[in-house]
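To keep things clear, I will list the structure first and then write my remarks on it.
The values are calculated or read from the model by the stated rules, or taken from the named source; none is laboratory data. All values reported here derive from a predicted model rather than from experimental measurement. A quick note on method: Cβ atoms are made from the backbone with ideal geometry, for glycine too, and the neighbour counts reach across all protein chains shown.
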Amino acid sequence: MINRTTRPLVESAMLTAVTIIMAIMGTALPMFFFLLYILPIPIAVNIFRHGLRWGVISIAASALIAGSVFGIYSAVTVITVTIFVSPALGIGFRRFSPTKNLIITIAASLISIALALGAAFLIMGVNFLTDFQTALNTATQASIEIYKTMGLTDADIQSQSGQIEKIVKLIMLSLPAGIALSAVGSAFVNFILTQRLLKRLGERTLAGLPAFAQWHMPIIFLFLFGFSLVGMYWGSTRDISLLYNVSFNINYFSSMFCRLQGLSLLYCALQHFKLPTAPKIMIMVLVIFTPFMEIFMYVGLFDMIFDYRARFAKGRNI
């Protein structure tokens, strides 16, 4: 039955206004740039409560008003950020399980970032890769000038500049994987905040993700990690740069999920010893910011195969 009351109109207008305010503040004030990352949330809530039609109307109205204030690029920003992620969240919370909803949202976020980069290039002629490379080169030259003013010898300056150039090359090489991981992080933040906002609005029975100690990454990341190692080996030994670059980014991307699996297993083990929350957080932070993190990447890989948590559970039941 069609809802003919004014409630959808009023709530949609309010959520559209919130979206416009966030878009304007994120565009006009650099300190509020982060608001552009969570722009899909109000429209996702609108879609969840009143349907896709009202969400599309909100996106169109927000884009038109933001574009009238700051120009076409602001309108395109609103559209590219919200057009896929907001429906994925709004429909996902109503129809899918939390895990499936998050996976769909991640896919939508990846598409949104690719669309935003393409729109920036076509409309404003902004080439993100070229501009980022230029910024890194400028920073490198500034660092070298600082070394010269510090009175370092030419040999030391050459050594330091060589190390910086290697770091810059590594950053540029891993940039596609970094962009993809930023899309994953953005999707996760939008998912969590949308879920909490919906619960505050009365959706108490809304299901959430499993506890962090019970997270299991899809085994596809295990295969991606293995195939990326083969691709990196073939690319380096056969001088196929494209194969090496693609495999390197796949390796970087998949290894992050392996690390996440290892951290989840560690947190599960810490819970088994019934440690207070503060020591558990301290241990997790120390692991993340030390070389032990690489060890837990392989721990996560093996956990995908052997599922140590299930084995521990069986051992306790015996």
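Observations on the model:
- Looking across the stretch 132-174 at every residue that is in contact with a Phe, Trp or Tyr (Cβ under 7 Å, 6 or more places away or on another chain) and at pLDDT 80 or above, the one that is nearest to ALA107 (Cα to Cα) is identified as SER174.
- Near pairs, Cβ below 6 angstrom, 6+ apart or cross-chain, from the stretch 90-117 (more than 21 Å from SER182 (Cβ to Cβ)) to any residue that is aliphatic (A, V, I, L, M) and not in a helix (DSSP H, G or I): PRO98/ALA207; PRO98/LEU209
- Which numbered condition PHE253 misses (of (1) under 21 Å from the mean Cα position of the chain (by Cα); (2) surrounded by fewer than 19 Cβ atoms within 10 Å (Cβ to Cβ); (3) of a type outside the set (Ser, Thr, Tyr)): (2)
- Residues that are aliphatic (A, V, I, L, M), under 18 Å from the mean Cα position of the chain (by Cα) and within 16 Å of ILE79 (Cα to Cα), drawn from the stretch 107-137: ALA108, LEU110, ILE111, ILE113, ALA114, LEU115, ALA116, LEU117
- Wholly within the stretch 1-82, helices (runs of 4 or more DSSP H) carrying at least 1 residues that are over 22 Å from LEU201 (Cα atoms), in the same structural domain as ILE192 (by TED's automatic domain parsing) and in contact (Cβ under 8 Å) with a residue 12 or more places away in the chain: 7-28, 52-70, 72-82
- Looking only at the stretch 41-88, and only at residues there that are closer than 18 Å to ALA13 by Cβ and of a type in the set (Ser, Thr, Tyr), the one that is farthest from the chain's Cα centre (by Cα): SER68
- Residue within the stretch 27-38 that is crowded, with 22+ Cβ neighbours inside 10 Å and out of contact with any Gly (no Cβ under 7 Å at 6 or more places or on another chain) present: no
- Every condition in (1) under 30 Å from ALA207 (Cα atoms); (2) buried (at least 16 other Cβ atoms within 10 Å of the Cβ) is met by ARG95 except one, and the failing one is (2).
- Looking across ILE91, ILE47, ILE43, ILE106, one residue alone is more than 23 Å from ILE123 (Cβ to Cβ) and touching a Gly at 6+ places or on another chain (Cβ under 7 Å). It is ILE47.
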